[in-house]
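Okay, so here's the structure we're looking at.
The values are calculated or read from the model by the stated rules, or taken from the named source; none is laboratory data. Every value quoted in this text rests on a predicted model; they were computed, and no experiment measured them. Ideal geometry is used to build each Cβ from the backbone, glycine not excepted, and the neighbour counts take in all protein chains shown. With ligands, DNA and RNA removed, areas are computed over all heavy atoms of the protein, side chains included. Shrake-Rupley method; radii C 1.70, N 1.55, O 1.52, S 1.80 Å.
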Protein chains: 2
Amino acid sequence: MAFEKEHKILDGYLRDKGLKQSAQRRDILNAFLKTEGHMTVEDLHKIVKRKNPSIGIATIYRALKMFCECGLCRELRLGDGMIRYEHKYGHAHHDHFTCLKCNKLIEATDPEIERLQEKLARKMGFKLQGHLLILYGLCRECK
Amino acid sequence: MAFEKEHKILDGYLRDKGLKQSAQRRDILNAFLKTEGHMTVEDLHKIVKRKNPSIGIATIYRALKMFCECGLCRELRLGDGMIRYEHKYGHAHHDHFTCLKCNKLIEATDPEIERLQEKLARKMGFKLQGHLLILYGLCRECK
DNA sequence: CAACTTATTGATAATGATTATCAATATCAA
DNA sequence: TTGATATTGATAATCATTATCAATAAGTTG
């Protein structure tokens with residue numbers, strides 16, 4: 001299954017916090033890492049169930065929250081009432097474009113936009129720590 | 001109370017859709033318009049209650065949804081689990097900056113960023129119809 | 001290895017914002 | 001004035017997420 005680096009990050013986090021390991025959490029991490037895209041908790045629950053049918057959904061919630069805390073995962077609130085999760089470790093920062101017709105979600109970045117955000121924040125006297133940018137519209141296929 | 005223009009917009013919308021007027025909705029619109037900032041449904045409910053103590057919260061939900069449909073109001077999902085509402089009519093487009101310490105919410109815009117978003121979307125083959133940009137960090141007072 | 005402390009798990013109850021339902025009432029056109 | 005129908009307010013339903021809790025597993029210490 002590999003993913004040694006990611007497991008090492010999780011293990012380091014557990015050690016730092018004095019927490020314990022568990023087979024369930026390892027299974028969830030593997031399923032999370034091998035699944036590309038922007039998962040919902042329910043999506044991941046279904047996937048992990050194939051390997052461990054008795055896993056509870058509360059455990060998925062708990063694990064994803066922990067993965068976010070140790071930098072393996074990023075939370076994504078697109079305004080559809082569900083939190084989505086994507087890989088963070090080893091992935092450059094990016095924003096998102098969602099198609100209003102087919103609901104496709106695509107990653108997008110522009111370093112120039114990032115730079116201007118910094119500049120705007122500075123101009124207003126703020127210390128920028130992060131941002132959320134979602135572009136809405138019609139994708140190539142739907143427009 | 002004035003706000004003639006905004007009431008005219010609402011009335012036109014009602015006429016177009018074959019809907020009826022109501023004193024409650026007019027009260028809600030006045031309360032909405034006279035309140036600056038980024039209101040939550042509950043905020044507005046409290047305010048309207050001062051004039052009409054028997055107004056139900058469901059009516060506030062319904063009215064705000066309608067105000068959004070006719071362009072008087074904009075919905076704002078900041079990821080804190082509640083939808084916030086702000087004036088849209090007569091207000092230039094703007095994005096938001098939220099302070100992670102004091103939760104202050106401030107409006108911000110940069111026409112250059114807007115332009116680059118258009119460009120980025122075009123480059124990816126998308127037709128841009130809107131965007132959501134929230135900057136997170138520490139404000140002048142908290143940093 | 002055994003005993004003990006404590007984190008984890010899975011089931012399920014609780015939460016909380018929003019939506020749907022419904023009978024009573026208000027609006028508006030004929 | 002009447003009839004059709006939109007609106008209202010109360011409240012039940014929904015649904016994603018969180019909290020609770022007893023049972024179990026992990027890891028530490030003697």
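Pairing each residue of the stretch B:115-136 that is more than 7 Å from every other protein chain (Cβ to nearest Cβ) with any residue that is surrounded by fewer than 20 Cβ atoms within 10 Å (Cβ to Cβ), provided the two are 6+ apart or on different chains, yields C-beta distances under 7 Å for B:Glu118/B:Leu128. Here B:Asn103 meets each of (1) more than 10 Å from chain A (Cβ to nearest Cβ); (2) under 26 Å from A:Glu118 (Cα atoms); (3) touching a residue at least 12 places away in the same chain (Cβ under 8 Å) with one exception, condition (3). Taking each residue of the stretch A:74-90 that is assigned by TED's automatic domain parsing to the domain that holds A:Ile9 and within 16 Å of DNA strand C (Cβ to nearest atom) and looking for partners that are in a loop (DSSP other than H, G, I, E, B) and among the small types (Gly, Ala, Ser) with beta-carbon atoms closer than 8 Å, six or more apart or interchain, yields A:Arg77/B:Gly79. Against the test of being within 14 Å of chain A (Cβ to nearest Cβ), more than 12 Å from DNA strand D (Cβ to nearest atom) and among the aliphatic types (A, V, I, L, M), the options B:Ile83, B:Ile47 yield a single qualifying residue, B:Ile83. Looking at (1) open to solvent by 60 Å² or more (accessible area, probe 1.4 Å); (2) within 16 Å of DNA strand D (Cβ to nearest atom), find the lone condition where A:Lys101 falls short. So the condition that A:Lys101 fails would be (2).
Selection over the stretch B:4-60 of residues that are within 16 Å of B:Tyr89 (Cβ to Cβ) and either touching a residue at least 24 places away in the same chain (Cβ under 8 Å) or loosely packed, with under 12 Cβ neighbours inside 10 Å (or both) gives a count of 19.
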